[in-house]
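Asker: Before we start, here is the structure in question, set down as structure tokens.
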Amino acid sequence: MSFCLDLGISASWPSNPTLFLEAWTDLSSLSVSEVWSLLPFVIIWTLWLFRNDIVFNDMSMDWINLKFLIKFRLATWLKAKFDDCPLSIESIMVDPFLAKNHYLKAANISKIGQWISPSVGFAKLNTDCAVLSRGDNRGGGGVLRGSKGEILFQFSESCPSDPPSLLELLSIKIRVFKFLESRWSGRLRLIVESDCKLTIDWLSASVAPPANLVGHVTDLIEC
């Protein structure tokens, strides 16, 4: 199984699902119990959903996409389990075992201020808006970087006198659509990072946006 090979695990797997789950316990000595205990359920659940898409939605078989979905689901489940983990989902996708050791003193990863580069095949967009204490000068900026930290594009601009959360949302929207029109769209998957919690809450649907912003939020979710 190529997914397990990516984790540095080599094994011969039974074709029977029951034997597959029973054999899983034989590898309990790996001392990665949280990651290891989730993995069979992630694989089986992803296979089930993928099969349903093929049967009911006429989706074609795509091994690369299936492998990506397994990694992504494992990362999101681990992120939910270790909800104070400072690592991004794409970093956990590269090495799920980092999530278990999310205190990461040995790796010297801090919760504050450390930017983590995206994985190969991803680009990361970081945006920010700032307002002077008097409130009369506002500006925004951001940068899109590749997996090696290289700058793909960057921007800075003055902003109208709107609330910072609105400025952040509009900045993200403009740059996301610029990315979709760029030569990197289709070659790279986009990750957006923002330090504006309210904007992230709107986009994750954990908080309903104001009525006048619903259109902007919907555009970003559906793009």
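Asker: Write out, first by first residue and then by second, each pair whose Cβ atoms fall under 8 Å of each other, whose residues are 6+ apart or on separate chains, and whose first residue, in segment 156-180, is more than 17 Å from ASP201 (Cα to Cα) and modelled with pLDDT under 85 while the second is in a helix (DSSP H, G or I) and not polar (S, T, N, Q).
Answerer: Between residues of segment 156-180 that are more than 17 Å from ASP201 (Cα to Cα) and modelled with pLDDT under 85 and residues that are in a helix (DSSP H, G or I) and not polar (S, T, N, Q), the close pairs are CYS159/LEU167; PRO160/LEU167; ASP162/LEU170.
Asker: Answer yes or no as to whether VAL217 is of a type in the set (Val, Ile, Thr) and either at pLDDT below 85 or touching a helix residue (DSSP H, G or I) at 6+ places or on another chain (Cβ under 6 Å) (or both).
Answerer: yes
Asker: If you don't mind, another one. If you scan segment 6-40, which residues turn out to be under 23 Å from SER119 (Cβ atoms) and modelled with pLDDT of 75 or more?
Answerer: LEU38, LEU39
Asker: Now for a different question. Would you please name the residue that is modelled with the highest pLDDT, looking only at residues in segment 70-94 that are within 24 Å of LEU188 (Cα to Cα) and surrounded by fewer than 16 Cβ atoms within 10 Å (Cβ to Cβ)? Walk me through how you get there before you give the answer.
Answerer: Quick first cut of segment 70-94, residues within 24 Å of LEU188 (Cα to Cα) only: 70-79, 86-94.
Then drop every residue that is not surrounded by fewer than 16 Cβ atoms within 10 Å (Cβ to Cβ), which leaves 76, 86.
Working: THR76: 86, PRO86: 69.
So the residue we want is THR76.
The values are calculated or read from the model by the stated rules, or taken from the named source; none is laboratory data. Bear in mind that the values here come from a model prediction, so they are computed numbers and not experimental data. Neighbour counts are summed over all protein chains in view; Cβ atoms, including those assigned to glycine, are modelled from backbone coordinates with ideal geometry.
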